[in-house]
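Working notes for the structure below.
Quick note: the coordinates plus some simple rules give every number you see, no bench work behind them. It should be emphasised that the depicted structure is a prediction, and the values quoted were computed from it without experimental measurement. Note that we place each Cβ from the backbone using ideal geometry, even for glycine, and neighbour counts take in every protein chain shown.
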Amino acid sequence: MRFSTEEILQPFHTTWLPGNIRAAMLRLDLIHPLVQGNKWFKLKYNLEAAGNRKIVTFGGAYSNHIVATAAACKLYGQQAVGIIRGEKPARPGHTLLKAAELGMDLHYVSRELYAELKRGSEMTRLMQHLLNDAWIIPEGGRNAEGARGCEEILQLADTSAYTHILCAVGTGTTLAGLINADTRQQITGISALKGAFSLEEEVESLLRRPFTNWRILHDFHEGGYAKHTPALIGAMNDFYRETGIPTDRVYTGKMVLAFRKLLQQQFFPPESRVLLIHSGGLQGNESLGPGVLCF
């Protein structure tokens with residue numbers, strides 16, 4: 001995949017940003033309409049490892065990963081199979097419709113079986129017909145290949161001037177890749193999940209060696225994964241009006257709101273230069289009602 005790096009690094013100013021703090025957004029959402037954000041980096045080396053084999057991956061009914069994988073496989077001419085958590089809905093949402101439109105073969109399984117499949121204990125016996133000659137990508141692209149791709153995120157632009165990096169965390173794959181890039185910056189992950197205190201261990205399992213320049217904050221989830229509050233929606237709209245940068249309600253919107261709160265808490269030392277990673281996922285906003293967002 002080729003994409004322009006122009007305007008990928010976007011400095012921004014807001015009414016709530018202190019004068020002694022500088023900030024910029026690394027806009028991975030500009031990479032591709034569907035394989036956008038961190039998704040391309042997670043998929044890059046998985047697609048390479050798959051070779052001519054079909055891709056089998058996992059996700060929920062509103063998974064950005066499912067759509068991105070379907071789009072990437074279509075671009076590269078590879079067969080894509082999606083194992084979807086839950087029974088097939090009577091009226092599939094935009095995510096499932098788009099994945100099917102892109103040629104992904106969707107298979108719906110109960111939440112109980114989905115959990116077993118993710119653990120691998122029932123996978124071979126129950127899904128053998130799908131797994132023959134397949135390359136399996138875990139939910140959210142969380143594997144060594146995904147983390148390896150995310151090491152390249154900071155190569156999109158010269159980010160060496162920034163003292164701090166902020167990114168949203170779901171599976172921890174992107175955060176692990178940023179850490180593995182072995183920068184001198186302090187890297188802070190904002191968990192989008194409620195009570196996901198195993199994330200630190202999951203990130204560590206993807207690190208190439210021990211690092212100490214990172215942490216995960218767990219108090220900015222706004223109710224839990226894919227949950228949103230009026231405060232979050234308001235912050236997303238305010239941020240767009242001031243910067244022209246759209247965010248998603250699952251990850252980047254929460255990260256921006258967390259950044260605002262952290263500034264109020266004087267979390268960053270004076271003269272800090274903070275780089276926020278936009279992880280894409282804007283298609284997830286389509287599940288909101290019309291007029292909720294101003295972009």
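In what sequence do TYR45, TYR251 fall when counting other Cβ within 10 Å, fewest first? Don't jump to the answer; show the numbers that get you there.
Working: TYR45 20, TYR251 27.
Ranked by crowding around the Cβ, least crowded first: TYR45, TYR251.
In which sequence would GLU112, GLU152 go, from the one with the fewest C-beta neighbours within 10 Å to the one with the most?
Details: GLU112 9, GLU152 14.
Sorted ascending by nearby Cβ count, the order is GLU112, GLU152.
What's the ranking of 191-197, 138-144 by average number of surrounding C-beta atoms within 10 Å, highest first? Let's see the in-between values first.
Values: 191-197: 16.7, 138-144: 20.4.
So the peptides 191-197, 138-144, ranked by packing, come out 138-144, 191-197.
Quick one: length gained pulling GLU271 to THR229 fully straight, 0.36 nm per residue minus the C-alpha distance? Mind showing how you got there, number by number?
Values: separation 42, 0.36 × 42 = 15.12 nm, distance 3.13 nm.
That pair, GLU271 and THR229, stretches by 12.0 nm at full extension.
Starting from the Cα gyration tensor of the range 108-256, take the square roots of the eigenvalues, sort them a ≥ b ≥ c, and report rounded, prolate or oblate (rounded when a/c is under 1.5, otherwise prolate if a/b is larger than b/c, else oblate). Provide the component values of the computation, followed by the final result.
Details: a/c = 2.05, a/b = 1.36, b/c = 1.51.
The shape class here is oblate.
Which pairs break 22 Å Cα to Cα here: LYS39/LYS118; LYS39/LYS74; LYS88/LYS194? Present the calculation step by step, with values, prior to reporting the outcome.
Details: LYS39/LYS118 19 Å; LYS39/LYS74 15 Å; LYS88/LYS194 26 Å.
In this structure, LYS88/LYS194 exceed 22 Å between Cα atoms.
In whole percent, what relative contact order does the chain give with Cα contacts below 8 Å and a gap of six or more residues?
Numbers: 568 pairs, mean separation 67.3, N = 295.
Relative contact order for the chain comes out at 23 percent.
What is the extension gain from LEU217 to ALA49, computed as 0.36 nm multiplied by their sequence separation minus the C-alpha to C-alpha distance, in nm to one decimal? Please list the in-between numbers first.
Details: separation 168, 0.36 × 168 = 60.48 nm, distance 3.29 nm.
Fully extending the segment from LEU217 to ALA49 adds 57.2 nm.
For the residues CYS150, CYS294, CYS167, what sequence is obtained by ranking on other C-beta atoms within 10 Å, fewest first? Before the final figure, lay out the partial values.
Values: CYS150 29, CYS294 11, CYS167 25.
Starting with the residue having the fewest Cβ neighbours, the order is CYS294, CYS167, CYS150.
Rounded, prolate or oblate: pick one for the range 38-141, where a ≥ b ≥ c are the square roots of the eigenvalues of its C-alpha gyration tensor, a/c under 1.5 means rounded, and failing that, prolate if a/b is larger than b/c, else oblate.
Working: a/c = 1.64, a/b = 1.11, b/c = 1.48.
It comes out oblate by the Cα gyration axes.
Starting from the Cα of TRP16, step 7 Å toward the Cβ, then list every residue of the range 224-241 with an amide N under 17 Å from that point.
Answer for this model: 228-241.
Mind ranking 174-184, 219-229 by how tightly packed they are, going by the mean number of other C-beta atoms within 10 angstrom, highest first? List each step's numbers first, then the result.
Working: 174-184: 21.7, 219-229: 15.4.
Descending mean neighbour count gives 174-184, 219-229.
Quick one: if you stick a label point 7 Å off each Cα along the C-beta vector at ARG208 and ASP105, how many nm between them?
Roughly 3.6 nm, to one decimal.
Write down the percent of antiparallel bridges among all DSSP beta bridges whose residues are both part of the chain, to the nearest 5. Working shown, then result.
Numbers: 4 of 37 bridges.
Rounded to the nearest five, the antiparallel share is 10 percent.
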